[in-house]
Amino acid sequence: MEQRLRAVCDLMVPTVRETAGRHEYDGRVQDLSPDGVRAGLAAVRRARAAGDGTAPGSPDDAQLTVFEDALETQLGTLQLHRRDPYLHLSNLELACYDRDYAPAEERAIARRRHLAAWPDAVDAAIASLDRLSAPVAAALLGAVRGLAVGLDPGQGAETQDALAAHARLVGHVARAADHGEPEFALGGDALAALMGSQEGLPVDLGRLAERADAERDRLRDLLTEACGALDPGRAPADLVPDLLADHPGAEAVVPEAARLAGELLAFTREHELVPYTDGDCLVGPAPESRRWSTAMLTWAGPGEPDAPSWYHVTPPDPDWPAGAAEEWLTVFSRTTLPAITAHEVAPGHFAHGRALRRAATPVRRTLHSLAFCEGWAHYAEEVCLEEGFRAGDARFAAGVALEALVRVTRLSCAIGLHTGAMDVAEATRRFMADAHLPRAGAAAEARRGTFDAGYGRYTWGKLEILALRERTRAAAGSGFTPARFHAALLELGSPPLGLLPARGLPLR
C-alpha cells in the first residue's frame, strides 16, 4: 500500500482486515490508547502532507481525503474512542478468523497472536474510555461480555491472561453502566460533523429529518397497499403481527434462508440486476461471538484470495424462554426474510462484495463508505420489488416496507437522540409506532441509537442512490436501464456519498 492509504488503514485495523481482506493485519490489534490514537492521527497528517503518488484531484485522492477527514473528526475532534466501547470491541473481535480465507493452521496462529494481544488492548481501552456514559455502557455490556464466548481457561496461559483482561474490561463497562454520566448525546453540531465527515458532504440535520419523514410516509403507503391486498378488512397495525407470526421453526430457519438465497441469486441473474454474482455464498448460523446479530453477510474480501462468503442467520438458542425465542423468530417471518435475504445476498451485499473484488484501484478495494454499502443493500430490496420478484405475493411488498420502516426510524431517532429532541423511551415508542416492532425489539433499536449515532446510514445511503439514479436517468434518457446504472455505480466501489456524481453517472 502507498503511504497515505497505509496510514488510514492503521487507524481502521478491524475494518480493513475483515471487509477489505487486508490480512497483513491478522494477529494485530490497533493501539486505541490516548497516545496511540494521537500517534496514528499524526501519521495520517504526515502522509497526507507528503503525498504518495496519488494524483491530486483524482477519485482516489478525493476518497482518501474523505477518510482522512473522517478519522480526524471521529478520533481527533470528537474523540469517540473515549466514549464508544464499540471501537474497542471490534478491535478485540476474534470471529474474523473463522472464515476460510486461508489455511486453518495459518488462521489459528493469527488468532492466537490476536488473543495474546488482548491484555494490552484492554489496558488501552480502559485508559481511553473515560467519557463512557451510563446508557451507552448499559447498551453494550452484553456485547462486551459476549466477546469471551467460546474461550476456555483450560486452553492455556494465553487464554487465561486474555480472560483476565476481558474481566477487567467487563468490570470497567459495568461500573460505567451503574455510575456513569447519564448524558450520551453528541449534540447536533457534532452529529452533523460526524456524518458529514464520513461521507464528504455537509449535513443539514433538519433537512435530513424532513427527508426521513417523507420516506416514512411513502413506506406507510406501501405497507397499507400491501396489507390491503392481503386482507382488505384489516389495518396494518392489526395484520402485521399475524404476518410476523408466520415463520419457520428454529430448526428450519437456516434451510429457509438458504432456499431464499438461491431464489434471489437466480432472480438477480435472470434480470441482470448487477454485473457479478459469481463465487459461493454459503448459509449457516453465525459464529458464537456474533450471535447477537439475527442476519449478516461476511463476504470474501477484495484483498484476499477468493473464498466462500457467508450469509449468517441466527436461530434462537434452544435454552431461551419461549417468549424470547418466539419474538426472535418473527425476524425470520415469511414476510420479512425474503427482503432480508435480498439485502444480505443478492442483489445486496454479496453481489456488492463480488464487484468490490474487481474495483480498479487499491483505494476503492480497501476504503468502503458504510452509508453507501448499507444504502446499496437497502436499495437492492426495493429494486427486487420494482423488478417483479414474487409479484403475485403482496407479502414481499409488505416485508420490504417493514424492513425499510425500521431503517428510516433509525435515521429519525439518531437525529432525535443526539440533538436532545428525543430520549430513549420516546425512541422506543417511535419504533413501536412507525416500524411495528414489539416493545423488546423497539427498546433494543432505541438503545443502539445511543452508541451508533450513524445508524441512519441505511436510509440516507438509499436516498442518495435513488437521487443519483434519477439524475442518471434524466441524463441518459432512453439509454437508461437499471442494469447499466448498477454496473456503472458498482464500478465506483463503495464511495462516500459526497463523491457520487452531481450530474449522474455516465453509462456504457
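Each reported figure results from applying straightforward, stated rules to the coordinates on display, with no laboratory input. Since we're looking at a predicted model, the values are computed, not measured. Please note: Cβ atoms are built from the backbone with ideal geometry, for glycine as well, and neighbour counts cover all protein chains shown.
Some points to look at:
- Magnitude of the charge dipole for segment 3-184, about its Cα centre and with charges confined to Cβ atoms of Lys, Arg (+1) and Asp, Glu (-1), is about 160 debye.
- Taking the square roots of five times each eigenvalue of the Cα gyration tensor of segment 403-483, the equivalent ellipsoid has semi-axes of 32, 13, 9 Å, listed largest first.
- Considering every alpha-carbon pair of segment 368-454, the percent of pairs per 10 Å bin, from zero through the bin containing the longest distance, is 17, 41, 31, 11, 1.
- Set of segment 398-421 residues, backbone N closer than 15 Å to the point 7 Å along the Cα-Cβ line of ALA444: 406-407
- Cα-centred dipole magnitude for segment 367-468, charges only on beta-carbon of K, R (+1) and D, E (-1), debye, nearest 20: 340 debye
- Cα-centred dipole magnitude for segment 196-461, charges only on beta-carbon of K, R (+1) and D, E (-1), debye, nearest 20: 640 debye
- If R0 is 51 Å, the Cβ-Cβ spacing of ASP178 and ILE109 corresponds to a FRET efficiency of close to 0.85.
- Karplus-derived 3J(HN,Hα), 6.51/-1.76/1.60, for each residue of segment 392-405, Hz, glycine and proline x: x, 10, 5, 4, 5, 4, 4, x, 4, 5, 5, 4, 5, 5
- From the largest down, segment 3-184 spans 53, 46, 23 angstrom on the principal axes of its Cα atoms.
- Among the chymotrypsin sites (Phe, Trp or Tyr not before Pro) in segment 281-352, those placed in a DSSP loop whose Cβ has at most 13 other Cβ atoms within 10 Å are TRP292.
- Applying 1/(1 + (r/R0)^6) with r as the Cβ-Cβ distance of ASP393 and ASP306 and R0 = 51 angstrom yields a FRET efficiency of 0.90.
- Residue-by-residue Karplus 3J(HN,Hα) for segment 421-432, coefficients 6.51, -1.76, 1.60, Hz, glycine and proline x: 7, 8, 9, 5, 5, 5, 5, 4, 5, 5, 5, 5
- Helical contribution to [θ] at 222 nm, DSSP H n ≥ 4, -39,500 (n - 2.57), averaged over the chain, rounded to 500: -19000 deg cm²/dmol
- Each of ASP246 and ALA42 was given a label point 7 Å from its Cα along the Cα-to-Cβ line. The distance between the two points is 6.3 nm.
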